[in-house]
Amino acid sequence: MEGNATGIGRVLVLAFCVAGIWSAYISQGVLQETLSTKQFGPDGKRFEHLSFLNLVQNVICFLWSLIMIKLWSRSTGGAPWWSYWSASITNTIGPAMGIEALKYSSYPAQA
C-alpha cells in the first residue's frame, strides 16, 4: 500500500512539472507575440530584438535548471550538473537560429 502512495505522489509531481513547463511556454509565446506585433512608444516602433529576448529566456532557464539540479541531486544522487552541457547548448542555439531563419521566410511558408 505504501508503494502505491509513493507512485501517486510521483505522478502528482510529474503533473505539476508538466503544467509548469506548458505554462512557461504559453506565457513566453504570448509575451514574444505581443512584443513582436504591437507598436510601442510615440514613434510606433516594434520590438525588433527577439534574439535578445531569447537569450534572456535561456539565461533564466539555465540559472533555474542549475538551482534545481543542485537542490535535487543531493537527495537523489543524480548525474553531475556538467553532464547536461550538450542539451543546454542545443537548447540555447536552436531557438535563436530558428528565429533568425524565420526572418527570411514568408508567413504562408511558416504556416
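The values are calculated or read from the model by the stated rules, or taken from the named source; none is laboratory data. Computed from a predicted structure; not experimentally measured. Cβ coordinates were reconstructed from backbone atoms using ideal geometry, including for glycine residues, and neighbour counts include every protein chain displayed. Side chains included, ligands, DNA and RNA excluded: accessible areas come from the protein's heavy atoms. Shrake-Rupley method; radii C 1.70, N 1.55, O 1.52, S 1.80 Å.
Among the residues of the stretch 94-103, the ones that are modelled with pLDDT under 80, in a helix (DSSP H, G or I) and either open to solvent by 60 Å² or more (accessible area, probe 1.4 Å) or in contact with a Ser or Thr (Cβ under 8 Å, 6 or more places away or on another chain) (or both) come to 4 in all. State yes or no: is GLY3 out of contact with any helix residue (DSSP H, G or I) (no Cβ under 6 Å at 6 or more places or on another chain), modelled with pLDDT under 80 and farther than 30 Å from TYR107 by Cα? Answer is yes for this residue.
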